[in-house]
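Taking it in order: structure first as structure tokens, then the write-up.
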Amino acid sequence: MLFGKLLPREGNFFELFNQHANFIVEGARAFISMIENYSNLDQREKYANLVVSAERSADKVTAEVNRLLHKTFITPIDREQIHSLINAMDDIVDLLQDATETMQLYDVKAMTEEVLRLGDLSAKCCERVQHAVSLLPKLSQSDAAEAAIKTCEEIDKLESDADRVMRSAMSKLFREETDVRELIKLKAIYEQLESISDRCEDVANLIEGVVLENS
């Protein structure tokens, strides 16, 4: 009992979630800028480095959340929810970095319309994740809880849109791409980009669970 009284009663988890979500959006916007300026090698490298920087900053926040969990006696929401949420969020920015590095390593000839569309949907998902996360400290207010659920539903819809674009992109790729190497490269990139929206949906599902248990 004495040991428990000496531990902090509540860590600043919501602020850390917000910081991480900001880095997710930073990474997503840098990624979009990279693929929009893909033909310019200097710009490509500049924005790729910004994606990597966002991922590293997000990793530090994740480490801080996990460290704080070990030393905090009472948490604002369930400990397992905190652990699952920050790690699911970290998966998003990890995938942004993975997609960036894949493009650099594979040296794809040019960005396709499908890469741009999937990238745009991924970035929109990331922005909605940021918004949903920002509402977590306000769940005692009914309007904030409703807004969080609505935002999670928007993420689900964007993920479904990404699924449709992915299926169309794969169909077109295997019908029209005659260069086998380019086909393999683009297939990998499409799959990574679609995975970003999947991870955003995972975060949305976790936030919905937090809302239902705490609002």
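Some observations on this one:
- When we screen D59, D107, D90 for residues that are among the acidic types (D, E) and open to solvent by 70 Å² or more (accessible area, probe 1.4 Å), the only hit is D107.
- Only one entry in R164, R181 is surrounded by fewer than 19 Cβ atoms within 10 Å (Cβ to Cβ) and over 23 Å from M34 (Cα atoms), namely R164.
- If you check L158, L118, L193, L135 for being in contact with a helix residue (DSSP H, G or I) (Cβ under 9 Å, 6 or more places away or on another chain) and free of Cβ contacts under 8 Å to residues at least 24 places away in the same chain, only one passes: L135.
- Put simply, of K185, K124 the only residue that is of a type in the set (K, R) and closer than 27 Å to I86 by Cα is K124.
- Residue satisfying all of: in the stretch 36-53; in contact (Cβ under 8 Å) with a residue 12 or more places away in the chain and in a loop (DSSP other than H, G, I, E, B); farthest from E26 (Cα to Cα) among these: S39
- Pairs with Cβ under 6 Å, 6+ apart, first in the stretch 86-101 and assigned to a helix (DSSP H, G or I), second among the hydroxyl-bearing types (S, T, Y): I86/T62; D90/T62; L95/S195
- Taking the criterion of being part of a helix (DSSP H, G or I), open to solvent by 30 Å² or more (accessible area, probe 1.4 Å) and either basic (K, R) or in contact with a helix residue (DSSP H, G or I) (Cβ under 7 Å, 6 or more places away or on another chain) (or both), the residues of the stretch 67-80 that qualify are R67, K71, R79.
- Matching option when the condition is at pLDDT 95 or above, charged (D, E, K, R), open to solvent by less than 30 Å² (accessible area, probe 1.4 Å) and assigned to a helix (DSSP H, G or I), among E127, E159, E153: E159
- Output for the stretch 24-74, where each listed residue is closer than 16 Å to E101 by Cα and β-branched (V, I, T): I32, I35, V51, V52
The values are calculated or read from the model by the stated rules, or taken from the named source; none is laboratory data. The model shown is predicted, which means the values in this text are computed figures rather than measured ones. So basically every Cβ, Gly included, is an ideal-geometry build from the backbone, and we count neighbours across all protein chains shown. All accessible areas refer to the heavy atoms of the entire protein, side chains included, with ligands and DNA or RNA removed. Shrake-Rupley method; radii C 1.70, N 1.55, O 1.52, S 1.80 Å.
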